[in-house]
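The values are calculated or read from the model by the stated rules, or taken from the named source; none is laboratory data. Model, not experiment: these values are computed from the prediction. Cβ placement follows ideal geometry from the backbone for every residue including glycine, while neighbour counts extend to all protein chains displayed. Please note that ligands, DNA and RNA were not included when accessible areas were found on the heavy atoms of the full protein model with its side chains. Shrake-Rupley method; radii C 1.70, N 1.55, O 1.52, S 1.80 Å.
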Amino acid sequence: MQYLVWLAVLAVILFLFYRYVTRDARVKAAALAAEFPAAWREILSTRVAFYLSLSEVEKPRFEKRVQVFLAQTRITGIQTDIDDVTRVLVAASAIIPVFGFPDWEYGNLSEVLVVPDAWKERQDAGQEHAPLAGTLLGSVRNFQTSHYMHLSKASLEQGFRDGMDRQNVGIHEFAHLLDEADGVIDGVPALAFPAALRPEWEAVMAREIAAIRAGRSEINDYGGTNEAEFFAVVTEYFFEKPEKLQAEHPELYGLLLLAFRQNPRSRFLQWATDPRQWLKTLRSRRKFGRNDPCPCGSGKKYKDCHLLTQAA
């Protein structure tokens, strides 16, 4: 009788162990099998320019990766509510830079913590009266073997409000995670760059950072902070304003194209050659305010740009 009890206990232990080691695979399988929520597709269609630029074959693949990411990743609000818009925008931020890697998953990410707005941290968190560091919109931190991302909700939404302004804090922070996948955030994502390209990338990166620091580049000044921030900043640029990056920095664009295994400029060409059709598509999904940035990427307010064209 005692023997049977021990067998039963062992069976329960083995079952629980099996459930533990197969959890990720089961969660992923369930997410892939589920239908993509229509409300999530509406959010992507009205807020994520990258998604709109995808082909009809690529869009379902993007959606499935969003589903898997949200099934596997905790997104927690700190003094702010987390709704579907926040969740989908976080997921889109994660998938955009790794869309060229079909099997990529952020195994080094434990949780995304979303706060209402920008914040300041002390240079030495252990010292109560230590001086404050600069204002932060996002960060990636390590705690033992876990990685946590902090994001400003206001900045996350702003990054997708104007999909062509070269600034997107969500993409920026996930670029850091891509960079860190080889064990260090140093501006050289070894898992993205083939070994043969790394010397060329390091040389181009050094020249571009020097140009930023000398005031001879239109790349965001924050990219001149160090190599890690340079990679994150130009990743934003690559996905939000690819045609300008290629025109101004062709060598840099070519290397990023190889690293990300994507060519966002080719996707955006349809919009560039037929902006009226793109605007018509966007307007059918989203109402633009007169003072919103024009979605054509001109940098003007909607009322001063294509709203006038439509009125004419």
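Looking only at segment 60-75, residues that are of a type in the set (Val, Ile, Thr) and open to solvent by 50 Å² or more (accessible area, probe 1.4 Å) come to 0 in all.
Taken over segment 89-112, residues that are more than 11 Å from the chain's Cα centre (by Cα), open to solvent by less than 30 Å² (accessible area, probe 1.4 Å) and among the hydrophobic types (A, V, I, L, M, F, W, C) amount to 3. Of the residues making up segment 27-44, one or more are open to solvent by less than 30 Å² (accessible area, probe 1.4 Å), under 15 Å from the mean Cα position of the chain (by Cα) and more than 19 Å from Pro242 (Cα to Cα).
Only one of the numbered conditions (1) at pLDDT 90 or above; (2) assigned to a helix (DSSP H, G or I); (3) more than 22 Å from Leu156 (Cα to Cα) is not met by Ile43, and that is (3).
Can you find, within segment 176-195, the residue that is least open to solvent (accessible area, probe 1.4 Å) among those that are among the aliphatic types (A, V, I, L, M) and over 12 Å from Ala259 (Cα atoms)? Top of the filtered list is Leu177.
Count, please, the residues in segment 211-251 that happen to be farther than 23 Å from Val140 by Cβ and assigned to a helix (DSSP H, G or I).
Let us first name the residues in segment 211-251 that are farther than 23 Å from Val140 by Cβ, namely 211, 213-218, 241-251.
If we keep only those that are assigned to a helix (DSSP H, G or I) too, we end up with 211, 213, 242-248, 250-251.
Qualifying residue count, segment 211-251: 11.
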